[in-house]
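Everything on this sheet refers to the single structure shown next.
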Amino acid sequence: MFIGEYNHTLDDKGRLAIPAKFRAILKKGAVVTKGLDNCLFLYTKEQWEKIAARFAALPISQSKSRAFARHLLAGAMDLEFDNQGRITLPEYLRQFSTLKKKVIIAGLYNHLEIWDEANWQAYKLETEKNSNAIAEELGDLGI
(Lines give C-alpha, C1' and ligand atoms only; values in the text may rest on other atoms or scores of the structure.)
Protein backbone atom coordinates (compact mmCIF):
# COMPACT_ATOMS: atom_id res chain seq x y z
CA MET A 1 0.00 0.00 0.00
CA PHE A 2 1.25 3.47 -0.88
CA ILE A 3 0.55 6.26 1.63
CA GLY A 4 2.24 9.48 2.63
CA GLU A 5 3.71 12.61 1.08
CA TYR A 6 7.40 12.89 0.23
CA ASN A 7 9.56 15.78 -0.99
CA HIS A 8 12.18 14.90 -3.60
CA THR A 9 14.31 16.58 -6.23
CA LEU A 10 14.32 15.91 -9.96
CA ASP A 11 17.80 16.12 -11.42
CA ASP A 12 18.78 17.63 -14.77
CA LYS A 13 18.57 14.22 -16.48
CA GLY A 14 14.99 13.64 -15.32
CA ARG A 15 15.96 11.17 -12.59
CA LEU A 16 13.84 10.97 -9.47
CA ALA A 17 14.54 8.96 -6.32
CA ILE A 18 11.56 6.93 -5.16
CA PRO A 19 11.15 6.67 -1.37
CA ALA A 20 12.98 3.58 -0.10
CA LYS A 21 9.87 2.19 1.59
CA PHE A 22 8.16 1.89 -1.83
CA ARG A 23 11.03 0.33 -3.77
CA ALA A 24 10.35 -3.18 -2.48
CA ILE A 25 6.74 -2.93 -3.67
CA LEU A 26 7.91 -1.73 -7.10
CA LYS A 27 10.84 -4.13 -7.56
CA LYS A 28 8.87 -6.44 -9.90
CA GLY A 29 8.32 -3.54 -12.27
CA ALA A 30 6.62 -0.18 -12.49
CA VAL A 31 4.78 1.91 -15.05
CA VAL A 32 4.40 5.68 -15.14
CA THR A 33 1.75 7.49 -17.16
CA LYS A 34 -0.08 10.76 -17.58
CA GLY A 35 -2.40 11.22 -14.66
CA LEU A 36 -5.09 13.74 -13.85
CA ASP A 37 -4.81 17.25 -12.41
CA ASN A 38 -1.40 17.68 -14.10
CA CYS A 39 0.37 14.93 -12.19
CA LEU A 40 1.82 11.56 -13.15
CA PHE A 41 0.51 8.19 -11.96
CA LEU A 42 3.00 5.48 -11.05
CA TYR A 43 1.72 1.90 -10.70
CA THR A 44 3.23 -1.45 -9.93
CA LYS A 45 3.43 -3.58 -13.07
CA GLU A 46 0.78 -5.91 -11.62
CA GLN A 47 -1.67 -3.09 -10.85
CA TRP A 48 -1.00 -1.51 -14.25
CA GLU A 49 -1.89 -4.74 -16.05
CA LYS A 50 -5.27 -4.80 -14.26
CA ILE A 51 -5.97 -1.18 -15.18
CA ALA A 52 -4.85 -1.61 -18.79
CA ALA A 53 -7.13 -4.67 -19.15
CA ARG A 54 -10.09 -2.63 -17.91
CA PHE A 55 -9.37 0.10 -20.45
CA ALA A 56 -8.95 -2.46 -23.23
CA ALA A 57 -12.45 -3.73 -22.40
CA LEU A 58 -14.08 -0.31 -22.86
CA PRO A 59 -16.20 0.15 -25.98
CA ILE A 60 -14.07 1.67 -28.75
CA SER A 61 -17.24 3.08 -30.28
CA GLN A 62 -17.48 5.69 -27.51
CA SER A 63 -15.25 8.71 -28.05
CA LYS A 64 -14.73 9.41 -24.32
CA SER A 65 -13.60 5.82 -23.75
CA ARG A 66 -11.11 6.11 -26.61
CA ALA A 67 -9.88 9.49 -25.44
CA PHE A 68 -9.24 8.46 -21.86
CA ALA A 69 -7.68 5.15 -22.88
CA ARG A 70 -5.33 7.05 -25.18
CA HIS A 71 -4.49 9.50 -22.41
CA LEU A 72 -3.56 6.76 -19.96
CA LEU A 73 -2.26 3.98 -22.19
CA ALA A 74 -0.41 5.87 -24.91
CA GLY A 75 1.21 8.07 -22.28
CA ALA A 76 2.56 5.09 -20.32
CA MET A 77 6.13 3.93 -20.03
CA ASP A 78 7.81 1.00 -18.27
CA LEU A 79 10.31 2.07 -15.62
CA GLU A 80 13.54 0.62 -14.35
CA PHE A 81 15.33 1.55 -11.15
CA ASP A 82 19.00 2.38 -11.11
CA ASN A 83 21.33 1.29 -8.29
CA GLN A 84 20.40 4.38 -6.28
CA GLY A 85 16.65 3.72 -6.40
CA ARG A 86 15.96 6.35 -9.05
CA ILE A 87 13.69 6.27 -12.08
CA THR A 88 14.12 8.36 -15.20
CA LEU A 89 10.99 10.22 -16.25
CA PRO A 90 10.80 10.82 -20.00
CA GLU A 91 10.73 14.40 -21.25
CA TYR A 92 7.14 14.17 -22.58
CA LEU A 93 5.86 13.20 -19.11
CA ARG A 94 7.89 15.91 -17.40
CA GLN A 95 6.41 18.45 -19.82
CA PHE A 96 2.87 17.14 -19.37
CA SER A 97 3.07 17.46 -15.58
CA THR A 98 5.16 20.66 -15.66
CA LEU A 99 7.72 19.05 -13.35
CA LYS A 100 10.54 21.33 -12.34
CA LYS A 101 13.20 20.73 -9.69
CA LYS A 102 11.10 20.20 -6.55
CA VAL A 103 8.73 17.25 -6.70
CA ILE A 104 6.15 15.71 -4.40
CA ILE A 105 5.53 11.97 -4.41
CA ALA A 106 2.14 11.20 -2.87
CA GLY A 107 0.98 7.71 -1.97
CA LEU A 108 -2.64 6.96 -2.85
CA TYR A 109 -3.19 3.34 -1.79
CA ASN A 110 -2.71 1.48 -5.11
CA HIS A 111 -0.50 4.02 -6.89
CA LEU A 112 1.83 6.96 -6.45
CA GLU A 113 1.29 10.42 -7.84
CA ILE A 114 4.22 12.59 -8.91
CA TRP A 115 3.58 16.34 -8.74
CA ASP A 116 5.49 19.52 -9.30
CA GLU A 117 5.74 20.96 -5.78
CA ALA A 118 4.05 24.30 -6.64
CA ASN A 119 1.15 22.51 -8.39
CA TRP A 120 0.77 20.15 -5.42
CA GLN A 121 0.68 22.99 -2.90
CA ALA A 122 -1.96 24.88 -4.93
CA TYR A 123 -4.06 21.74 -5.40
CA LYS A 124 -3.77 20.78 -1.73
CA LEU A 125 -4.72 24.28 -0.55
CA GLU A 126 -7.84 24.30 -2.74
CA THR A 127 -8.84 20.77 -1.73
CA GLU A 128 -8.35 21.45 1.98
CA LYS A 129 -10.42 24.63 1.67
CA ASN A 130 -13.28 22.59 0.15
CA SER A 131 -12.84 19.44 2.24
CA ASN A 132 -16.19 19.74 4.02
CA ALA A 133 -18.14 20.02 0.76
CA ILE A 134 -16.14 17.16 -0.75
CA ALA A 135 -16.88 14.99 2.30
CA GLU A 136 -20.60 15.76 1.96
CA GLU A 137 -20.61 14.62 -1.66
CA LEU A 138 -18.66 11.47 -0.86
CA GLY A 139 -21.14 10.75 1.92
CA ASP A 140 -23.83 10.52 -0.76
CA LEU A 141 -21.73 7.76 -2.36
CA GLY A 142 -21.62 5.77 0.86
CA ILE A 143 -18.05 6.69 1.81
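The values are calculated or read from the model by the stated rules, or taken from the named source; none is laboratory data. Computed from a predicted structure; not experimentally measured. Cβ atoms come from the backbone with ideal geometry, glycine included; neighbour counts cover every protein chain shown. Only protein heavy atoms, including side chains, enter the accessible area calculation; ligands, DNA and RNA are left aside. Shrake-Rupley method; radii C 1.70, N 1.55, O 1.52, S 1.80 Å.
Once all Cα-Cα distances of the range 58-134 are split into 10 Å bins that start at 0, what whole-number percent is in each one?
14, 35, 34, 16, 1
For the chain, what does -39500 (n - 2.57) per DSSP helix run (n ≥ 4), summed and divided by total residues, give at 222 nm, in deg cm²/dmol to the nearest 500?
On the way: 6 runs with 55 residues, N = 143.
Helix-only estimate at 222 nm: -11000 deg cm²/dmol.
Can you tell me the dipole magnitude for the range 31-106 around its Cα centre, using point charges on the Cβ only (Lys, Arg +1; Asp, Glu -1), in Debye to the nearest 20?
320
Over the range 1-121, with every protein chain in place, what whole percent of the accessible area is carbon and sulfur at 1.4 Å, could you tell me?
Its accessible area is 53 percent carbon and sulfur atoms.
Per residue, what accessible area does the range 30-137 have, given a 1.4 Å probe and all protein chains present, in Å²?
With all protein chains present, the range 30-137 gives 60 Å² per residue.
Put +1 on the Cβ of each Lys and Arg and -1 on the Cβ of each Asp and Glu in the range 7-138; which of LEU108, ASN38, GLY14 then has its Cα farthest toward the positive end of the dipole?
Looking along the dipole axis, the top candidate is GLY14.
Once the convex hull of the alpha carbons of the range 1-112 is built, what does its volume come to per residue, in cubic angstrom?
Convex hull volume per residue, Cα atoms: 97 Å³.
Distance in nm between label sites at ILE60 and TYR109, each 7 Å beyond Cα in the beta-carbon direction?
Each label point is offset 7 Å from its Cα along the Cβ direction, giving 3.2 nm.
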